[in-house]
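Below is one structure, written out as structure tokens; comments come after it.
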Amino acid sequence: MSLTWSGKADRVVAMRWVFALLLLVNIVLLAAMQWPQNKSHDDSMANHAPFHAEKIRLITEDEMPPPAPAPVAQQVCLEWGQFAEQDLARARTALQALKLGEADISVQAARANSWWVYIPPLKTKQEANKKVDELKGLGIQDSFVMQDNNPWRYAVSLGVFSTQEAAERYLAQVREKGVRSAKAAPRSQDGGRSSMFIKASGADIEAELVKLKQDFPATELKAAPCPQ
């Protein structure tokens with residue numbers, strides 16, 4: 001009996017030593033796993049600048065910087081011209097039929113930098129009309145007999161352009177079609193002419209003006225800055 005009891009006691013002691021050893025190993029492993037993280041955390045915090053809470057304050061509304069000014073959008077009008085005096089009155093009457101409402105319509109003298117392509121004045125209106133028919137036969141539809149009571153009476157206008165380059169390009173085109181008498185010149189030599197500037201809202205206004213312009217083939221319709 002004594003031997004049996006002694007053997008059991010030895011096994012219990014051995015198991016306690018094994019348990020204690022395993023517990024010690026676990027403690028060592030746990031410490032080893034945590035040590036690098038703590039070191040890294042300490043190093044990273046050491047690199048940060050010190051936090052000075054006493055220097056933080058809220059700024060007042062008066063101390064806030066002013067907002068950047070919003071860009072001013074440039075108003076755009078439709079420029080329609082150029083008109084002789086009698087044609088201007090007729091065009092303004094036609095505009096009234098469109099019922100543009102609160103549209104802002106102003107008239108200014110024609111700008112000196114406008115150019116046109118034309119055939120010099122013919123002797124009679126019949127000759128000028130015959131020339132227009134000849135031009136249509138060549139595929140040139142936008143021609144118009146000038147009937148103003150000035151030195152350009154019975155000239156044939158082939159087009160109005162905002163730049164000299166555009167006028168000369170079109171002149172080259174009509175000459176290729178055989179119109180040798182055509183010329184390009186500043187429109188300012190045709191004195192007494194005016195343009196209308198129309199400022200109105202509505203998507204259909206430009207389309208209506210394009211239709212209306214067909215009754216005034218010697219004019220041009222384009223977007224332009226509104227007059228000041």
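The values are calculated or read from the model by the stated rules, or taken from the named source; none is laboratory data. Every value quoted in this text rests on a predicted model; they were computed, and no experiment measured them. A quick note on method: Cβ atoms are made from the backbone with ideal geometry, for glycine too, and the neighbour counts reach across all protein chains shown. Keep in mind that these areas ignore ligands, DNA and RNA; they rest on the heavy atoms of the full protein, side chains included. Shrake-Rupley method; radii C 1.70, N 1.55, O 1.52, S 1.80 Å.
At-a-glance table
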| item | result |
| --- | --- |
| Members of segment 153-170 that are within 23 Å of Lys123 (Cβ to Cβ) and out of contact with any helix residue (DSSP H, G or I) (no Cβ under 8 Å at 6 or more places or on another chain) | Arg153, Ser157 |
| Residue count, segment 153-173 (criterion: buried (at least 20 other Cβ atoms within 10 Å of the Cβ), more than 34 Å from the chain's Cα centre (by Cα) and either outside any loop (DSSP other than H, G, I, E, B) or on the phi < 0 side of the Ramachandran plot (or both)) | 2 |
| Given (1) open to solvent by 40 Å² or more (accessible area, probe 1.4 Å); (2) out of contact with any Cys (no Cβ under 9 Å at 6 or more places or on another chain), number of the condition Lys199 does not satisfy | (2) |
| All positions within segment 202-216 that are buried (at least 17 other Cβ atoms within 10 Å of the Cβ) and not in a helix (DSSP H, G or I) | Phe216 |
| Condition met for Ala128 (more than 30 Å from Ala97 (Cβ to Cβ), in contact with a strand residue (DSSP E or B) (Cβ under 7 Å, 6 or more places away or on another chain) and open to solvent by less than 50 Å² (accessible area, probe 1.4 Å)) | no |
| Checking Ala84 against (1) modelled with pLDDT under 85; (2) exposed (fewer than 10 other Cβ atoms within 10 Å of the Cβ); (3) over 33 Å from the mean Cα position of the chain (by Cα), the condition it does not meet | (2) |
| Residue match in segment 133-150 (condition: under 28 Å from Pro227 (Cβ atoms) and assigned to a helix (DSSP H, G or I)) | no |
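Conditions tested, residue by residue: (1) modelled with pLDDT under 85; (2) in contact with a Pro (Cβ under 7 Å, 6 or more places away or on another chain).
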| residue | (1), (2) |
| --- | --- |
| Ala167 | no, no |
| Leu171 | no, no |
| Phe197 | no, yes |
| Ala207 | yes, no |
